[in-house]
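Worksheet: the structure to be examined is printed underneath.
Throughout, read-outs are computed from the coordinates displayed, never taken from laboratory work. Keep in mind that what you see is a predicted model, and the values were worked out from it rather than measured. As a convention, Cβ positions derive from the backbone with ideal geometry for all residues, glycine included, and neighbour counts pool all protein chains shown.
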Amino acid sequence: MANIKPRVKVPKKAKAGEAIVIKTLISHPMESGQRKDSKTGKLIPRKIINKFVATYNGKEAFSMDLLPAIAANPYIEFSVKLSESGTMRFEWTDDDGSVYDIENKITVA
Amino acid sequence: MRKLLALGLVGGLLAVGAQGVMADENAELVIDGKTFVTKLKAPADSPFDEILSGWRFRTDETQALQLDDFENPAMISAQYGEELWNTADGADGKSCADCHGDASESMKGLRAQMPKWHEGKKTLFALEDHINWSREEHQKAKPWKWESQEMVAMTAYIGLQSRGMPVNVKIDGPAQEWWEKGKELYYTRVGQLDMACSHCHENNYGNMVRADHLSQGQINGFPVYRLKWQGMGSIHRRFKGCMDNIRATPYKRGSDEFTALELYLASRGQGLSVETPALRN
């Protein structure tokens, strides 16, 4: 598939204390490590996103460990209540150590 | 024993099932504030009273996935298509964008008119044929396989530029012969179950074949992300699936038969909005 590419959908504005929905999606093969190559018969090494963290102004807002049974292109949705304007940072950690990230500003009124 | 089993299966296929999975009849497909035509009164020469997009036959949950581009898994493929559009390929080192520029202008409306007669090649071109022709002719690149990720991504991306526009295929002139061939295929019984397309999609749409809710077989959303496939697929892949189900020997993807059938089916859905890339189950 295409390159590994993170995407998020975050409202630009929010009201203080009101729950807002954050949607995230990353295109990723999530290779489980259980499959065999049909030609060589060898196991295809595991390569999954194993951790997802969202921080708001440096403080952790949501985090999640991902396991091999999660399908390709993991979609994660969660809600947060915010009290001040700031930046939400999303980080996906891959098995090979690479980190994919996105930042989004939210204005809280 | 085998015969008995087979008979039982046919009986099951023809039995009209409950309407348990019917979606809300009045739901409308609205994406980014734009309402799509998923239902319209059929013209007098149509076999239908109302032309209905396949979207209307899906459950509420499946329908909902198409309402938001962020949640529509087909958009990942369309975005990959955009990357390919801008990537140079072939001996001449040209990308699609080098000649065609911004796809949102140059490719606007193309999906709605496909399949279309090609003057140079004197044949009917599906969108896939067009892409491969352009790759060979202008990019000097290797043609993509019909069902490759690249091809499906590119048809999704090009199709996306026509989203919301009404299906408007030409069936006169040199295309007429193809249209008639497609119509003949549509009504010809084939396979062990001896069924034609019309038996399910014209006489029985809205009914259940076991767990499947039969649609009119409209193709305005292709290529689609199909939940059953866990991925994207072309119109011809869907045709092949249908033919396998009635235990017929399917034609090849990209064959004249399937392209003719594609034209005939598109003409039965004239006026429906292009939904590419849609989501089906």
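Loop-located chymotrypsin sites (Phe, Trp or Tyr not before Pro) across segment B:180-281 with a Cβ neighbour count of 15 or fewer within 10 Å are B:187, B:229, with loop assigned by DSSP. One chain, two ends: residue A:83 and residue A:64. Fully extended at 0.36 nm per residue, the span grows by 4.6 nm beyond their Cα-Cα distance. Annotation: aspartates and glutamates with alpha-carbon distance below 20 angstrom to residue A:105 (same-chain offsets under eight excluded): A:18, A:60, A:77, A:84, A:91. Rounded to the nearest 20 debye, the dipole size of segment B:74-160 about its Cα centre is 280 debye, using +1 on the Cβ of Lys and Arg and -1 on the Cβ of Asp and Glu.
Mind listing P(r) for segment B:33-132? All alpha-carbon pairs, 10 Å bins, whole percents. Going out from 0 Å in 10 Å bins, segment B:33-132 shows 11, 28, 35, 20, 5, 0 percent.
Using only alpha carbon positions, build the gyration tensor of segment B:95-209, then give the equivalent ellipsoid semi-axes as the square roots of 5 times its eigenvalues, largest first, whole angstrom. It would help to have the intermediate numbers written out before the result.
Working: eigenvalues 186, 57, 49 Å².
Sorted largest first and rounded, they come to 31, 17, 16 Å.
What is the percent of Cα-Cα separations in segment A:33-109 that go past 14 Å? Beyond 14 Å sits 68 percent of the P(r) for segment A:33-109. Ranking B:138, B:93, B:127 by how far each Cα lies toward the positive end of the dipole of segment B:74-160 (charges on Cβ) leaves B:127 at the top. Secondary structure note: in the protein assembly as shown, about 90% of the DSSP beta bridges are antiparallel. Dividing the C-alpha radius of gyration of the protein assembly as shown by 2.2 N^0.38 Å, with N its residue count, gives 1.09. Treating each Cα of segment B:169-245 as one equal point scatterer and applying the Debye formula with no solvent, the log10 of I(q)/I(0) at q = 0.28 Å⁻¹ comes out as -1.41.
Suppose every K and R has +1 on its Cβ and every D and E has -1 on its Cβ; what is the size of the dipole of chain A about the Cα centre, in Debye to the nearest 20? Each step should come with its number before you reach the end.
Details: 18 positive and 13 negative charges, 68 e Å.
Roughly 320 debye for chain A.
A compact globular protein would have a Cα radius of gyration near 2.2 N^0.38 Å; the ratio found for segment B:74-160 is 1.01. Applying both filters, DSSP loop and at most 11 other Cβ atoms within 10 Å, to the trypsin sites (Lys or Arg not before Pro) of segment B:241-274 gives B:252. Does anything in segment B:259-274 have its amide N under 18 Å from the 7 Å Cα→Cβ label point of residue B:118, and if so which residues? Once the point is set 7 Å along Cα→Cβ of residue B:118, B:259-264 turn out to lie under 18 Å by backbone N, inside segment B:259-274. When the P(r) of chain B is calculated, the portion above 34 Å amounts to 18% of the C-alpha pairs. With neighbours defined as other Cβ atoms within 10 Å of a residue's Cβ, the residues B:255, A:98, B:267, B:53 order from fewest to most as A:98, B:255, B:267, B:53.
A DSSP coil position with no more than 13 other Cβ atoms inside 10 Å describes the following GluC sites (Glu not before Pro) in segment A:1-70: A:18. At 222 nm, what helix-only mean residue ellipticity would chain B give, in deg cm²/dmol to the nearest 500, using -39500 (n - 2.57) for each DSSP H run of four or more? After summing the helix terms and dividing by the residues of chain B, the value is -10500 deg cm²/dmol. Of all lysines in the structure, the ones whose alpha carbon falls short of 30 Å from that of residue A:36, not counting any fewer than 8 places away in one chain, are A:5, A:47, A:51, B:142, B:145, B:228, B:240, B:252.
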